[in-house]
Amino acid sequence: YVYRAVKAYRMLIDASESDFENVLKEAKAILQSDTAREKTACLFSGRDKDIFQPQKAQCLGNLIGTIEAITDTGITVKMLNAKDEILEGDRLRISNPAKDTTIAFKIREFSKEGSTFLIPFGKSEGFSCGNPVFKTVDKAFDQKNIEQDIDAIYENYSKNNRHGRKQELSVSQSYTALISNVWKEFKKTSASGDGGDTLWVKFDNIQWLDVLTQPSNGTRHIFSLKKDNLHQSEAIADKKYSSHMAVELPPFIGQRDTNLFKEYVDAMVSRGIRKWVLNNVSQFGFFKDLDCELSSGHFLYVWNAYAAAFLAGIGVKYYTTSWEDDFLNIRKMCGPGLGKFLVVYLYGFAPLVRSRIITKEMLSEEIIRDGSPDPEKREHIANVSFQPVFESELALLIPEKPVNIFTARRKFKECGISMFGIDLSFIKPEAKLWKTLLEGYTKQENIVNSVKFNFKRGVK
């Protein structure tokens with residue numbers, strides 16, 4: 001499956017403009033003849049109770065027929081399409097979905113009557129009439145020769161590019177040089193010291209504004225906009241300090257809600273909200289021809305300087321690192337001088353799962369815990385408790401304990417990072433808690449009953 005997919009797309013990448021249409025037809029034929037996987041043409045959106053079918057055989061090959069009869073010496077296969085053929089050397093797989101049993105074998109001989117094939121087979125026990133039959137590999141494809149074909153792909157590439165590519169590429173090959181110079185003037189900039197930091201405070205409940213101190217040049221408030229709190233956006237735009245306020249869009253906006261969100265975006269921009277945090281590449285269209293400062297959020301995070309340079313090219317100024325990132329990778333990413341524009345969140349409940357499939361009826365408890373029956377094994381598993389949250393028809397799983405790495409702030413500052421975040425989403429507004437968080441941030445001390453998540457681990 002992987003071989004055929006790579007071969008097809010490699011052909012398209014290397015094709016000349018004059019020959020592209022012919023190569024496209026050949027590439028499509030390669031993918032259509034692949035027998036390993038059932039093909040999909042779109043991403044799943046919306047609820048579908050049949051999206052997961054554990055009782056149904058998956059990824060077994062191309063369905064070509066069913067077992068019509070079983071004898072002691074063989075099986076009779078009825079083809080779904082009378083024009084399809086079975087040849088000596090083909091590989092088939094028969095499956096019994098009810099027992100989750102499959103057997104694959106190579107065809108060495110057979111006899112044919114109309115659209116049925118009688119195939120010698122001595123392992124038919126456990127299978128029954130009506131069970132599906134799949135073709136996994138056809139005679140023309142010899143897996144033993146795959147290495148030769150791969151060598152031919154490389155040879156063809158080297159031959160066609162020996163004197164450089166003549167066609168214009170969509171992405172310039174000087175991209176690496178570009179990365180080295182985008183933030184060149186900031187390479188040796190260090191934010192060490194107590195001053196110069198900016199604290200980004202994100203919240204999804206407008207009542208937090210009654211608790212938080214008024215934002216200034218050293219703080220920025222970010223309202224996490226969701227379908228459930230759209231009605232609060234008018235009050236956000238009414239605040240006198242809108243110049244220090246930003247609004248973050250959710251990672252997923254359904255097609256039926258796109259126009260609704262666009263109307264709210266336009267209304268808030270017209271009332272002075274000019275700073276926006278995006279979480280999906282489709283959201284750039286909301287701000288076409290609008291004079292707004294754009295940042296990337298946790299779902300449009302940067303994992304390296306290449307990603308940041310791409311986002312910079314389409315108008316992004318500040319870049320949020322992933323909750324899953326670790327210090328070594330972030331430090332490396334700061335090398336080109338990017339640190340001045342990175343935002344690292346030091347506290348928050350990181351959503352680990354977002355799903356339209358999970359419903360409230362599926363969950364019997366408020367806290368989801370590790371299901372291991374052996375209590376001794378639980379001691380070796382960290383952070384196994386999760387809290388379900390439902391918003392805008394989405395089910396989210398967040399850790400029972402928040403992620404907190406205030407103690408790492410000094411290390412980040414030494415890398416040139418001066419923007420840090422505290423995410424108050426999913427938290428009930430409380431002045432005492434905010435005082436504790438602000439004190440921990442200032443003193444660079446983690447609060448009790450929190451976890452460090454992936455910070456000290458390598459990126460896997």
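The values are calculated or read from the model by the stated rules, or taken from the named source; none is laboratory data. What you see is a predicted model; the values in this text were computed from it and never measured. Ideal geometry is used to build each Cβ from the backbone, glycine not excepted, and the neighbour counts take in all protein chains shown. Surface areas here come from the heavy atoms of the whole protein model, side chains and all, with no ligands, DNA or RNA. Shrake-Rupley method; radii C 1.70, N 1.55, O 1.52, S 1.80 Å.
Summary of computed values
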quantity	calculated
Sites Leu290 and Phe310 - FRET efficiency at Förster radius 25 Å, r taken between beta-carbons, to 0.05	0.75
Amide hydrogen neighbours beyond the local backbone of Thr198, cut-off 5 Å, H modeled	Met419, Phe420
Segment 189-301 - percent of accessible surface contributed by carbon and sulfur, probe 1.4 Å	45 percent
For segment 215-313: accessible area per residue (Å², 1.4 Å)	47 Å²
Peptide ranges 63-70, 272-279, 440-447 listed from the most packed, as the mean C-beta count within 10 angstrom indicates	272-279, 63-70, 440-447
Violating pairs (Cα-Cα greater than 26 angstrom) within the set Lys288/Lys317; Lys226/Lys360; Lys202/Lys227; Lys340/Lys432; Lys226/Lys317; Lys262/Lys435	Lys340/Lys432; Lys262/Lys435
Peptides ranked, highest mean first, by Cβ atoms within 10 Å: ranges 320-332, 414-426	414-426, 320-332
